[in-house]
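First the structure, in the form of structure tokens, and then the observations on it.
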Amino acid sequence: MLSVVKPDAALIVNPNDLHVPTALDCIAAGVPALLEKPVATSLDDARRLIAALRDSPTPILVGHHRRHNPVIARAKEVIDSGALGRPSLATALWQTKKPDAYYDMTWRREAGAGVILINLVHETDLLRHLYGEVVEVQAFTSNALRGFAVEDTATINFRFESGALASIVGSDAVASPWGWEKNLNEVPKFAKEYDQPCLLLSGTEGALSIPQLKLWRYDERADWEAPLSQQQIGYQADDPQVLQLRHFVRVARGEVAPLISVADAARTIAVVDAIHQAARERRAVTPTYP
């Protein structure tokens, strides 16, 4: 297709372990691509893409589409405004029960998949985006619920460069109302629990729930006996997939740089590699960034 059709751009949405080879083909053909997350299944593979792009003008946008969501853009503005004070804690929840038929595709049961690379990579990327770089990771993973070669459940702890701490608690095999697809209307086919949060951010001066964008702060006396006031943060809702595609068109035309570059997304994969290593070796791990 790349040589015969010569497309203006390509969308790479194949299985995770084929992302890098397909993106390398696009780079060699000079075809801009929107590369679905994860950018790679390992940091070594991500480095191959980074190296290929050093000598190529072909742009690659990585599909961490949640960063295009107006909810996240507004949350970032709230954090950067200082409304939370010093960001100190974050808790991300992604818990659902995927049907057995989801795993009829063999690649979803094998190395390069698993709940971390398919799903929790989103939460990992958002925490990096909102709180900065990760300097230490601890993790437990389990495949006991589904019995596949890859994990179905994980608890992950992060320490950030700023000193903030965060956790992700996720599973693709449990009954739960907490998770991005349930709590936001990004994908209409999923049943919704709009009153439930999937990301909780706390700082020295305030706290923010996502996707509700409810800001909690003390009115006068800041201590645990005093009441908190609640403020609803407004935002203009829009479809992040549509916003991402509009952005990609501009990237393909050479009008703007990718919002999420391969180098940026590779830093998320460095954290994912550290998560897997921490779980495997039962110890804290420092990510090795490209």
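The values are calculated or read from the model by the stated rules, or taken from the named source; none is laboratory data. Everything numeric in this text was worked out from a predicted model, so none of it was measured. Cβ: placed from backbone, ideal geometry, glycine included. Neighbour counts: every protein chain shown. For the accessible areas, the whole protein counts, side chains as well, though only heavy atoms, and no ligand, DNA or RNA atoms are used. Shrake-Rupley method; radii C 1.70, N 1.55, O 1.52, S 1.80 Å.
Rounded to 0.05, the FRET efficiency of the Tyr103 and Glu220 pair, given R0 = 45 Å and the Cβ-Cβ distance, is 0.25.
Please work out whether the range 217-282 counts as rounded, prolate or oblate from its C-alpha gyration tensor, where a ≥ b ≥ c are the square roots of the eigenvalues and a/c under 1.5 means rounded, while otherwise a/b larger than b/c means prolate and anything else oblate? Oblate, because a/c is 1.5 or more while a/b does not exceed b/c.
The ellipsoid that matches the Cα gyration tensor of the chain has semi-axes, each √(5λ) in whole angstrom, of 32, 23, 19, with the longest given first. Computed from point charges on the beta carbon alone (+1 for Lys and Arg, -1 for Asp and Glu), the dipole magnitude for the range 158-248 about its Cα centre is near 220 Debye. Label sites at Gln230 and Arg54, each approximated as a point 7 angstrom past Cα along Cα to Cβ, lie 5.3 nm apart. Would you mind classifying the range 130-245 by shape? Square roots of the alpha carbon gyration tensor eigenvalues, ordered a ≥ b ≥ c; an a/c under 1.5 is rounded, otherwise it is prolate if a/b is larger than b/c and oblate if not. Judged from the Cα gyration tensor, the range 130-245 comes out oblate (a/c at least 1.5, b/c at or above a/b).
Measuring from a point 7 Å past the Cα of Arg159 along Cα-to-C-beta, which residues in the range 252-275 have an amide N at less than 17 Å? It comes to 271, 274-275, nothing else.
Spatially close Lys pairs in the chain, defined by Cα atoms under 25 Å apart and a spacing of eight or more places or different chains, total 19. Based on Cα contacts under 8 Å between residues 6+ apart, the range 137-257 shows a relative contact order of 11 percent.
Annotation: peptides 184-195, 132-143, 72-83, ranked by per-residue average of other Cβ atoms within 10 Å with the highest first, follow the order 132-143, 72-83, 184-195.
What shape does the range 34-173 take by its C-alpha gyration tensor, where a ≥ b ≥ c are the square roots of the eigenvalues and a/c under 1.5 counts as rounded, a/b above b/c as prolate, and the rest as oblate? Here the range 34-173 falls in the oblate category. Taking the Cα centre of the range 82-190 as reference, the dipole from Cβ charges on Lys and Arg (+1) and Asp and Glu (-1) amounts to some 220 debye. Separation of the range 161-175 and the range 115-135 by C-alpha centroid, Å? Distance between centres, Cα-based: 9 Å.
Contact order for the chain, expressed relative to its length and based on alpha carbon pairs under 8 Å spaced 6+ residues apart, stands at 24 percent. Heavy-atom accessible surface of the chain, averaged per residue, reaches 48 Å², computed with a 1.4 Å probe.
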